[in-house]
1. For the protein assembly as shown, state the semi-axes of the equivalent ellipsoid (square roots of 5 times the eigenvalues of the alpha-carbon gyration tensor), sorted largest first and rounded to whole angstrom.
2. Based on C-alpha coordinates, I'd like the Rg and Dmax of the stretch B:176-306, in Å.
3. How much space per residue, in cubic angstrom, does the convex hull of the C-alpha atoms of the stretch A:127-274 take up?
4. For the stretch A:86-102, list residues with backbone N below 13 Å from a point placed 7 Å from the Cα of B:Arg12 toward its Cβ?
5. Just to be sure I understand the curve: with the Debye formula and one point per C-alpha of the stretch B:7-79, what is log10 I(q)/I(0) at q = 0.12, 0.19, 0.27 Å⁻¹?
6. With a Cα-only, solvent-free Debye model of the stretch A:61-121, what are the log10 I(q)/I(0) values at q = 0.18, 0.26, 0.28 Å⁻¹?
7. Which of the helices in chain B meet the span-like rule: DSSP H, Cα axial reach of 24 Å or more, Kyte-Doolittle mean at least -1.0?
8. May I ask you to derive the relative contact order of chain B, considering only C-alpha pairs under 8 Å and at least 6 residues apart, and to give it as an integer percent?
Amino acid sequence: MTRHKLLSLGHGLFLAFIALIIIFPFYWMIASSLKTENQIFQLPPVWLFKPHFASYAAAIVNDHILRALLNSLIVTVGAVALGVAVGAPAAYGLARYTFRGSSQIQFWYVTNWMLIPVVVLIPFYLLAANLRLIDNPITLILIYQTFVVPLVVWLLVDQFRAVPIALEEAALLDGMSKFGIFLRITLPLTVPGITVAAILAGIFAWNDLLYAFILSPGTDARTAPTVMMSYLGGYIIPWGRVMASAVMITGPVVIGGIAIHKYIARGLTLGAVK
Amino acid sequence: MAQIAIDGVTKRYGATEVLKRLDLTVAEGEFMVLLGPSGCGKTTLLRMIAGLETPSTGRILIGGTDVTLTPPARRDVGMVFQSYALYPHMTVRENIALGLKLRGVTQAEIASRIERVAALVQIAPYLERKPKALSGGQRQRVALARVIAREPSVSLMDEPLSNIDAQLRTVMRAELLRIHRKTGMTTIYVTHDQEEAMGLGDRITVMNFGHVEQIGTPDEIYARPANAFVARFIGAPRMNLIRLAHRPGANAIEAAGIRAPVPATLGTLPPDLFLGFRGEEARPGAAHDGEATIEGVVDVVEHLGAQIEVHLRLDDGEEAVFRRPRGETIWHEGERAALAIPAAHLHLFNAETGAALRA
């Protein structure tokens, strides 16, 4: 065998090893969700078994996981919609206009992204409690803006800058208003970038546990990650239901990730134009 | 169609002055070319006429109306951008229709105008395509169609041919002229290519460092450059400019290898001069009465195909370059040779100020 072939075989084995490390937990999660409670703990592990959906049924009936998923969906979609509606015009302003403090504002958005959640959680909890907004999805939608808006602004400033200024000038000469240009020229050209920003922000909102656990703990109001948390309270942990719930919660995240992976791989510098 | 007047316009970016009190009038229906090296302010001037930039001082008038502070949309100007700036997410038809719709032109009128313009610039088969499915030349035509369809009183073009290949460029040049003759739009065209400027312009404004060097027809600018900058910038190959000292009071220029008569009407000449002549005005051999003579050693003979290019090294080290027909065998590298230039084709410039000295 030539040196070159040996090298590429080595590469292949290494990549397969990494892939195994990443894929195995997913396999274990799905497999365990389809096993009986006894099969889960058998050693050596049972590799062949008859799929068994009782864990899913229990998670749905006993733990109201579907209700929690719906709550998560409402909060995530609401937070992303509000975040894009607010963040996209903000990013456009930062991308196209230089004004006193514009670079500081842009930096401020980026640093907000590094904010430690607990810092805002306590005052926000007191505020929400006084306004009787605990267990209300609006509360979560609002507090998620602390990370959705910075993320959207951060990603979209570069997207808007990538749209050639000449296009906007041509539209100006064609008689379009500045807001019309933003809406009808720049936005349509940055749809791929906005989609990436929305899905990324959505994944963060969907996965949030800390805010949801504190601000929306009620049985009917809790989101999916809070349900996962509730499994850890008792003397025994119902691993089948944990795994079944985990499959249902991570499913959308994995699908969203696959949908945008090629853009993420390109370092988020997708040429909206060209 | 409208006349354009630039009245004492200055543009500053911070401390940098890119346009210095510039005055310019473009007649109704005229094809005016703004020509100059990059950074001379020609594009800035064009963008100010479009309304994309605001002058620091001075006024811009279109059709007699002061539009200095009028937003672009209300100036009735169309612009072809260097990058074409076609809307990538719209078809060719939508690209052309947008400006018409926004100006309240009726659907039926839009359709008929698009049809007319598409025939004029020959893009009818591509109307339903998106810009990315078009070649550079086709995009160029669409950008042009977008302006023509709006029937603006002024059309502005920012180096519209610089992004297409050389062969297509000559085709598009003729096309631009044909369209201009047909529509009669007042046109201001920016370029740094002197050949393009000569070919297109009714008149040319030569600019440098934010001011106007000369305004004139291509012929005037070629035959009577106002200063050494214009003389060097216009014409390919460029005009020979030979630096020499002039003895005060003498009625002829005499320097190493150079003898040239000086018309008495020129008055007192400055001591530091450029003697200019174009290679194509010179002929080999001894000078007759009233002609200038230039002598030197043939340095290099280059073969260019239909012509040869001869580099003549004068005795004081200056160089003269001229082209001769292929097959002329009198030029031998290393031998002495002489050129005669009729006095009418001699140019004198003050080497200090660059200004042309004319009788």
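Here, each number is a calculation from the coordinates, and none is a lab measurement. These figures come from a predicted structure and were not determined experimentally. Neighbour counts run over all protein chains shown; Cβ positions are idealised from the backbone, glycine included.
1. Numbers: eigenvalues 1063, 190, 112 Å².
Here the semi-axes work out to 73, 31, 24 Å.
2. Cα only, the stretch B:176-306: 18.5, 56 Å (Rg, Dmax).
3. Taking only Cα atoms, the stretch A:127-274 has a hull volume of 140 Å³ per residue.
4. none
5. Taken in order of the listed q values, log10 I(q)/I(0) reads -0.31, -0.79, -1.52.
6. Scattering profile of the stretch A:61-121, log10 relative to I(0): -0.83, -1.08, -1.10.
7. Qualifying helices, which must be both long enough and hydrophobic enough, are B:166-183.
8. After rounding, I find 16 percent.
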